[in-house]
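The values are calculated or read from the model by the stated rules, or taken from the named source; none is laboratory data. On a predicted model such as this, the values are computed, not experimentally measured, just so you know. Cβ placement follows ideal geometry from the backbone for every residue including glycine, while neighbour counts extend to all protein chains displayed. Accessible surface is based on the protein model in full, side chains and every heavy atom, while ligands, DNA and RNA are left aside. Shrake-Rupley method; radii C 1.70, N 1.55, O 1.52, S 1.80 Å.
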Amino acid sequence: MRSAYEAEAVRAAERELMARLPEGTLMGRAAAGLAAAAAELLTRVYGARVVLLVGSGDNGGDALYAGARLARRGAGVAAVLLAPERAHPGGLTALRRAGGRVVRGPEGGAAEIARADLVLDGVTGIGGRGGLRPEAAGLARAARESGAVLLAVDLPSGVDADTGEVPGEAFRADATVTFGTYKPGLLVDPGREHAGAVRLVEIGLDLPEAPAVQALQYADVRTLLPAPSAESDKYRRGVVGVVAGSARYPGAAVLAVAGALHGGAGAVRYVGPAAEAVLARFPETLVSAGPPAKAGRVQSWVVGPGIGENAEAVAEILAADVPVLVDADGLRHADAAAVRARTAPTVLTPHAGEAAALLGTGRAEVESARLASVRALADRFGATALLKGSTTLVAGPGGGPVRVNPTGTPWLATAGSGDVLSGLAGSLLAAGLDGLDAASVGAYLHGLAGRFAADGAPAHAFQVAEALGAAWRDVREE
């Protein structure tokens with residue numbers, strides 16, 4: 001599990017560690033890792049032109065000490081000081097002794113950046129709030145336009161470490177070297193987009209058990225995936241009920257059923273007006289004219305994709321005593337009080353626009369504050385909330401770490417992809433996973449399947465469903 005901690009937890013761990021180590025040890029470890037990453041990005045250090053953008057905090061000190069290491073290896077290093085009177089004195093001394101130069105003022109800095117091979121962003125650290133100030137913003141734009149490689153120190157300046165929010169101008173790095181632990185802003189968009197490739201440098205921090213954000217890895221998903229035994233029958237594997245589709249959107253039913261069947265369900269019971277289309281593609285589906293209560297025994301329900309104005313079906317399913325996943329049109333009809341009253345697991349899977357409607361806010365606000373939005377959804381409805389998007393987030397109803405999904409591809413932004421995810425996560429609920437695990441494992445497999453289906457080219461939703469088996473095998477065999 002990849003864990004990310006908020007700034008205050010990181011600072012507390014750093015203070016505790018620094019009290020036990022000789023002065024400067026922690027910054028030395030950070031600078032060594034930073035210089036090593038910079039050297040890899042440069043490929044050839046001797047003769048390379050490196051510009052350090054240095055703020056007043058420890059990030060600036062890390063940049064200065066790393067610059068000194070590069071200068072000793074033959075790089076031409078220039079430090080642009082944004083707050084000269086507050087620059088780290090030890091770092092400045094080390095840089096000058098190694099042959100580095102100091103540049104004052106934005107005009108001189110811009111000229112240096114224009115000739116640089118690599119720019120090191122050490123302007124603000126994890127405590128930075130708000131967008132960059134005008135002088136730093138101008139240097140950030142110059143760096144983007146220069147063609148140099150941009151490496152961020154711990155976190156791109158202008159990105160909120162705790163949330164990933166970018167309230168103004170920010171550096172957009174090719175890579176980020178972060179120290180001690182990941183920060184939520186490196187894993188959650190829009191901050192993640194600014195971080196580039198992230199490398200973690202261990203510096204010996206002793207962190208709390210509960211992080212703010214987690215990201216499942218292959219080993220975690222492998223442990224959670226249900227596997228049939230010799231005694232398994234369709235009920236032991238899980239029977240999913242699907243209420244989806246309408247005369248206008250029969251395809252939504254087909255795709256949700258596809259996600260459930262390819263996602264490991266022992267059987268799927270379909271209720272709705274698209275039975276003919278479903279049976280034509282999946283003759284093994286058990287169809288019913290409804291209502292859902294008469295469809296037969298199920299171990300989870302998926303309701304909502306393409307159902308239009310069928311509010312009665314949503315209310316009936318929310319009254320059931322089995323796990324329920326609500327998506328798409330179902331979200332418009334899901335009464336918050338009815339969801340909160342449920343005792344069985346409930347999963348809501350909105351995209352940003354649907355989340356905005358559920359929260360009574362604007363889509364732009366959800367997109368810019370994704371972490372706060374998914375937590376608000378889980379809290380308001382007392383349910384697991386899966387917020388779809390460039391980084392899919394999953395929050396449980398009782399608080400705790402939010403899970404950020406590390407898989408996926410922009411090609412998944414295609415009609416019907418979410419219907420497949422609903423069926424897949426519904427099958428995992430039927431197999432016995434709790435809401436948080438079913439949603440986060442489903443998102444992980446869905447993202448992998450999207451990569452396999454696309455393989456660098458456009459893919460449609462049914463191809464994603466068909467690639468779920470390959471994703472499952474990939475996790476099992478890794």
Contact order normalised by residue count of the chain, Cα under 8 Å, 6+ apart, percent: 12 percent
Rounded tilt (10° steps) of 370-381 against the dominant C-alpha axis of the chain: 40 degrees
Per residue accessible area of the chain, 1.4 Å probe, in Å²: 40 Å²
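At a Förster distance of 56 Å, what's the computed FRET efficiency of Glu16 paired with Arg144, Cβ-Cβ distance as r, to 0.05?
Values: r = 38 Å, r/R0 = 0.67.
Given R0 = 56 Å and the Cβ-Cβ separation, E is 0.90.
Given a Förster radius of 30 Å and the C-beta distance between Leu207 and Glu312 as r, what FRET efficiency does 1/(1 + (r/R0)^6) yield to the nearest 0.05? Could the numbers behind the result be given before it?
Values: r = 49 Å, r/R0 = 1.63.
For Leu207 and Glu312, the calculated efficiency is 0.05.
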The chain: calculated mean residue ellipticity at 222 nm from DSSP helix runs of at least 4, using -39500 (n - 2.57): -13000 deg cm²/dmol
Go through Gly91, Ser373, Gly432 and say which Cα lies farthest out towards the positive end of the charge dipole of the chain; charges sit on Cβ, +1 for Lys and Arg, -1 for Asp and Glu. Gly91
Inter-probe distance in nm under a simple model that places probes 7 Å from Cα toward Cβ, at Thr93 and Asp379: 4.7 nm
Test of the criteria: in the range 1-108, which GluC sites (Glu not before Pro) are in a DSSP loop and have at most 11 other Cβ atoms within 10 angstrom of their Cβ? Glu23
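Give, rounded to the nearest 20 debye, the magnitude of the charge dipole that the range 222-286 has about its Cα centre when Lys and Arg contribute +1 at Cβ and Asp and Glu contribute -1 at Cβ. List each step's numbers first, then the result.
Details: 7 positive and 4 negative charges, 31 e Å.
About 140 debye.
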Amide hydrogen neighbours beyond the local backbone of Val198, cut-off 5 Å, H modeled: Thr176
Quarter of the Cα convex hull surface for the range 109-158, i.e. its orientation-mean projected area (nm²): 3.1 nm²
Carbon plus sulfur fraction of accessible area for the chain, probe 1.4 Å, in percent: 50 percent
Report, in cubic angstrom per residue, the convex hull volume of the C-alpha atoms of the range 13-120. 91 Å³
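Are there any chymotrypsin sites (Phe, Trp or Tyr not before Pro) in the range 1-83 that are in a DSSP loop and have at most 16 other Cβ atoms within 10 Å? List them by number.
Values: sites: Tyr5, Tyr46, Tyr65; in loops: Tyr5, Tyr46.
Of the chymotrypsin sites (Phe, Trp or Tyr not before Pro), the ones in loops of the range 1-83 whose Cβ has at most 16 other Cβ atoms within 10 Å are Tyr46.
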Name the shape class, rounded, prolate or oblate, that the alpha-carbon gyration tensor gives for the range 329-478, where a ≥ b ≥ c are the square roots of its eigenvalues, rounded holds for a/c under 1.5, and otherwise prolate holds if a/b is larger than b/c and oblate otherwise. prolate
How large is the charge dipole for the chain, taken about the Cα centre, if only the Cβ atoms of Lys, Arg (+1) and Asp, Glu (-1) carry charge, to the nearest 20 debye? 920 debye
Sort all Cα-Cα distances of the chain into consecutive 20 angstrom bins from zero, then give the percent of pairs in each bin up to the one containing the longest distance. 24, 45, 25, 6, 0
So who's got an amide H within less than 5 Å of the one on His88, skipping anything under 5 residues away but keeping other chains? H placed 1.01 Å off N, in plane. Gly61
Between Glu466 and Glu40, the two model label points (7 Å from Cα along the beta-carbon direction) sit apart by a distance in nm of 3.8 nm
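Note the full-extension length gain between Ala357 and Asp455 as 0.36 nm times their separation in residues minus their Cα-Cα distance, in nm to one decimal.
That works out to 31.9 nm of additional length.
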Please work out the Cα convex hull volume for the range 272-392 and give it in Å³ per residue. 114 Å³
Would you compute, for the Cα atoms of the range 227-266, the largest minus smallest coordinate along each principal axis and list the three values in descending order, in whole Å? 42, 14, 7
Please give the FRET efficiency for Glu231 paired with Met1, using the beta carbon to beta carbon distance and R0 = 30 Å, rounded to the nearest 0.05. 0.45
Can you pull the three principal axis extents for the Cα set of the range 132-215, in Å, largest first? 41, 23, 20
